[in-house]
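Written out below as structure tokens is the structure these notes cover.
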Amino acid sequence: CVVYVLLGFILHTEKCGVCGPGFASPLDAMKGPREEIVYVPCIYRNTEREKPDFLATVDVNPESPHYCQVVHRLPMPNVGDELHHSGWNACSSCFGDSSKARDRLILPSLISSRIYVVDVGTDLRAPRLHKVINPEDVFWKCNLGYPHTSHCLGSGEIMISTLGDPAGRGKGGFILLDGETFEIKGNWERGDKIPPMGYDFWYQPRHNVLISTEWGVPRCLGYGFDPNDLKKGRYGRRLNVWDWSTRSYIQAIDVGEDAAPLEIRFLHNPDAAEGYVGCTISSAIHRFYKTQGGHWAAEKVIQVPSKKVEGWILPEMPGQCMPAAPTAHVLLFRWVTLPCPATGFITDILISLDDKFLYFSNWLHGDIRQYDISNTRRPQLVGQVFVGGSISRGGPVTVCEDQELQRQPEPFTIKGKKVPGGPQMIQLSLDGKRLYVTTSLYSAWDKQFYPELIREGSVMLQLDVDTERGGLAVNKSFLVDFGQEPEGPCLAHEIRYPGGDCTSDIWL
């Protein structure tokens, strides 16, 4: 196997000559340059500020006089888009094609269904708008809406997953863009069989597979969390398996009722036939893998225990008990005075480029976790740090019973600021030594679960990582406070490096 990989690398390098974007292998990527700037979508939807979302360029070079500062802002031409995740026009999947360059960032809008193409090649530190794909084109050409994850393909095309159809019903399809003109080519998927919901995806050509996940029905979750949608099949429970070559939907893997499987990551080794998915509502990590029979299966390998609490002012949520017969006038927000289980709410996961560590965030509990996955079936917790959340000591929540902690974590402050919200999106440096964290999940849910985020804005933090034995520590000199934006506090979401990162690059 090692000989095969080395031989493949040598032949691939000789074939490509002057190679294209990205890196020849995940281990080569780990030797790449240190990140100096990052791109972060910033959202104003649901903040009561009629401002367009923007793409922030943040200086993360500790030698720079602008360290931890937003050095450029690219506002979108429309209001209410809800920028969310982003992807590249080309990445390491195009490494063998010297005609390709990683110079356009693809920004789907989760709510408006617009797709923005941003030029980052002309001026790395000052991106400019290159093209706008209007929602009606998405609707008419693909019968899809609510675009989410964008991945570049080895063919040079761009593929974007969606949550639903134009009417907001659930539908797990994919938009295919031309990688040169950025015109919509149509749907990637073929055939009449389509999953009932969509969200994230990852593909692995060596095993002829793409696997996608499910969040929920867009018109139900799009404007907030309604507890009545639970137990009605409006949140996802499946991993959906596709045949990569025929583009057909072939299998569904059930990971539990109202699990809401979100971010999915294969191991980076392109020969690997396994990976992990984070299930938000059930607060579990499942390992998915290829069986000896050639099918795909999943097994739960991590369960974050719920904490029994009193005094949690949150929406009615899974596992949270309420008075037996609430009256019709009861509001979505209210104090919960009975002892109730509080879930962790896993919202983002990633795997280090050497496939050694798994990281994920518990948005409600407030912790980031690092697991050693040398044995992929038995991850071992080796690092944990609390950077916010709902269960801090001195707040309205009292933890009555906790299977993991001896006492409630201290309130998290940095540079004199008490951080609102909890850890959400995460991104790891190429060498694995720095983990970046933002605190906004999705504006409508931020407004319900953490209303202080709307008032104060989110933040970006950085954790130092022990890559030998495992361990996480907050870098106390790093804080990007999006509450200080010129147009008012905003909600910062996903993090991208100009040279690619461990959640945007796929190796073939």
If I ask for residues that are hydrophobic (A, V, I, L, M, F, W, C), outside any strand (DSSP E or B) and over 24 Å from the mean Cα position of the chain (by Cα), which ones from the stretch 398-442 would you list? L405
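Against the condition more than 15 Å from F54 (Cα to Cα), surrounded by fewer than 22 Cβ atoms within 10 Å (Cβ to Cβ), out of contact with any helix residue (DSSP H, G or I) (no Cβ under 8 Å at 6 or more places or on another chain) and not polar (S, T, N, Q), how does D464 come out, does it pass?
Numbers: more than 15 Å from F54 (Cα to Cα): yes; surrounded by fewer than 22 Cβ atoms within 10 Å (Cβ to Cβ): yes; out of contact with any helix residue (DSSP H, G or I) (no Cβ under 8 Å at 6 or more places or on another chain): yes; not polar (S, T, N, Q): yes.
Spelling it out, D464 is indeed more than 15 Å from F54 (Cα to Cα), surrounded by fewer than 22 Cβ atoms within 10 Å (Cβ to Cβ), out of contact with any helix residue (DSSP H, G or I) (no Cβ under 8 Å at 6 or more places or on another chain) and not polar (S, T, N, Q).
Taking the condition open to solvent by less than 10 Å² (accessible area, probe 1.4 Å), of a type outside the set (K, R) and either in a loop (DSSP other than H, G, I, E, B) or modelled with pLDDT under 95 (or both), does G198 pass?
Spelling it out, G198 is indeed open to solvent by less than 10 Å² (accessible area, probe 1.4 Å), of a type outside the set (K, R) and either in a loop (DSSP other than H, G, I, E, B) or modelled with pLDDT under 95 (or both).
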Condition (residue is outside any loop (DSSP other than H, G, I, E, B), in contact with a Phe, Trp or Tyr (Cβ under 6 Å, 6 or more places away or on another chain) and farther than 20 Å from G164 by Cβ) applied to the stretch 207-218: is it met by at least one residue? yes
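Can you find a residue that is of a type in the set (A, V, I, L, M) and part of a loop (DSSP other than H, G, I, E, B) anywhere in the stretch 41-59?
Let us first name the residues in the stretch 41-59 that are of a type in the set (A, V, I, L, M), namely 43, 55-56, 58.
Subsequent filtering for residues that are part of a loop (DSSP other than H, G, I, E, B) retains none.
Among the residues of the stretch 41-59, not one is of a type in the set (A, V, I, L, M) and part of a loop (DSSP other than H, G, I, E, B), which makes the answer no.
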Pairs, please: C-beta under 6 Å, at least 6 apart or cross-chain, first residue among the aliphatic types (A, V, I, L, M) and in the stretch 297-319, second modelled with pLDDT of 95 or more and surrounded by fewer than 16 Cβ atoms within 10 Å (Cβ to Cβ)? A297/T291
Among the residues of the stretch 258-289 satisfying the criterion of being assigned to a strand (DSSP E or B) and of a type in the set (D, E, K, R), which is surrounded by the fewest Cβ atoms within 10 Å (Cβ to Cβ)? R265
Counting only residues that are of a type in the set (D, E, K, R) and part of a loop (DSSP other than H, G, I, E, B), which one in the stretch 477-501 is surrounded by the fewest Cβ atoms within 10 Å (Cβ to Cβ)? E487
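Would you say V217 is touching a residue at least 40 places away in the same chain (Cβ under 8 Å), surrounded by fewer than 23 Cβ atoms within 10 Å (Cβ to Cβ) and β-branched (V, I, T)? Walk me through it before giving the result.
Working: touching a residue at least 40 places away in the same chain (Cβ under 8 Å): yes; surrounded by fewer than 23 Cβ atoms within 10 Å (Cβ to Cβ): no; β-branched (V, I, T): yes.
Here the answer is no, as V217 does not meet what is asked.
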Condition first: in contact with a Leu (Cβ under 9 Å, 6 or more places away or on another chain), farther than 17 Å from E494 by Cα and part of a loop (DSSP other than H, G, I, E, B). Now tell me which residues in the stretch 104-128 satisfy that. S113, R114, A126
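Every residue, every condition in (1) modelled with pLDDT under 95; (2) over 20 Å from E310 (Cβ atoms); (3) open to solvent by less than 10 Å² (accessible area, probe 1.4 Å), yes or no:
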site: D372; (1), (2), (3): no, yes, no
site: P379; (1), (2), (3): no, yes, no
site: E404; (1), (2), (3): yes, no, no
site: S440; (1), (2), (3): no, yes, yes
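The values are calculated or read from the model by the stated rules, or taken from the named source; none is laboratory data. This is a predicted model, so every value here is computed, not measured. Ideal geometry is used to build each Cβ from the backbone, glycine not excepted, and the neighbour counts take in all protein chains shown. Note: areas computed on protein heavy atoms with side chains; ligands, DNA, RNA excluded. Shrake-Rupley method; radii C 1.70, N 1.55, O 1.52, S 1.80 Å.
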